[in-house]
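Participant: One structure is given below, represented as structure tokens, and several questions about it will come after.
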Amino acid sequence: MDAKPSGTAVVPRMTRREFSDLTAMRLQLEPLALTLAAPHLKPAQFDRFDAFVLQHETARLESDPKGVRQADTGFLFELYRSCGSALLLSFIESLWLRRSPMFWEARWALLGSSLGRAPHRHKEITDALRQGETAMARDFLIDEIRNAGEFLLEAMRFREATD
């Protein structure tokens, strides 16, 4: 985080390399959290997953980027909180805080791409976890993170590296 002369804290725009690094970290940490969480999931959580999937679909149909973001975050953090590792969860949260401004800036591009290049896989993740197929759920999550990352690398503007 950087501070402006006025004292306002801002997260600077990432370079293409920084975004690639962040995506690579997400591809390791978030599937790990899913794997650790899977054995601890309760039936009520599957009901919440289903509700988030429905909320996500409704928000997309209504072109509501705030609703889409809330459903996406709600779904994934409902899952990640069950991993049993406060440290892992804090690392994931810090990555999400770092990427958050970019994802908000990209909301319309992501919303328009949801059925194409960067679809979310929450229903598939839920179904796989419900069936005890943790590896399959992990693969769906990896696919979702990778596709969104690739899409954003093409669709977004990045700060130029100053090295």
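The values are calculated or read from the model by the stated rules, or taken from the named source; none is laboratory data. Predicted, not measured: the structure shown is a model, and the values here were computed from it. Backbone-built Cβ (ideal geometry, glycine too); neighbour counts: all protein chains shown. Keep in mind that these areas ignore ligands, DNA and RNA; they rest on the heavy atoms of the full protein, side chains included. Shrake-Rupley method; radii C 1.70, N 1.55, O 1.52, S 1.80 Å.
Participant: Anything in region 117-135 that is at pLDDT below 95 and over 13 Å from the mean Cα position of the chain (by Cα)? List them, or say none.
Facilitator: Passing the criteria: only Arg117.
Participant: If Val68 meets every condition in (1) out of contact with any His (no Cβ under 7 Å at 6 or more places or on another chain); (2) free of Cβ contacts under 8 Å to residues at least 60 places away in the same chain apart from one, which number is that one?
Facilitator: So Val68 meets the others, but not (1).
Participant: Give me the residue from region 43-65 that is in contact (Cβ under 8 Å) with a residue 12 or more places away in the chain and open to solvent by 60 Å² or more (accessible area, probe 1.4 Å) and, out of that set, farthest from Ala135 (Cα to Cα).
Facilitator: The residue in question is Ser63.
Participant: What's the total number of residues in region 59-104 that are among the small types (Gly, Ala, Ser) and either in contact with a strand residue (DSSP E or B) (Cβ under 9 Å, 6 or more places away or on another chain) or closer than 22 Å to Pro119 by Cα (or both)?
Facilitator: Within region 59-104, residues that are among the small types (Gly, Ala, Ser) and either in contact with a strand residue (DSSP E or B) (Cβ under 9 Å, 6 or more places away or on another chain) or closer than 22 Å to Pro119 by Cα (or both) number 6.
Participant: Mind listing just one residue for me: the one in region 56-99 that is at negative phi and outside any helix (DSSP H, G or I) and, of those, farthest from the chain's Cα centre (by Cα)?
Facilitator: Filtering first and then ranking leaves Glu62.
Participant: Name the one entry in Leu29, Leu36 that is under 14 Å from Ile142 (Cβ atoms) and touching a helix residue (DSSP H, G or I) at 6+ places or on another chain (Cβ under 6 Å).
Facilitator: Sole residue among the options that is under 14 Å from Ile142 (Cβ atoms) and touching a helix residue (DSSP H, G or I) at 6+ places or on another chain (Cβ under 6 Å): Leu29.
Participant: Looking only at region 22-42, how many residues end up being open to solvent by less than 60 Å² (accessible area, probe 1.4 Å) and either among the polar types (S, T, N, Q) or without any contact (Cβ under 8 Å) to a residue 24 or more places away in the chain (or both)?
Facilitator: 3
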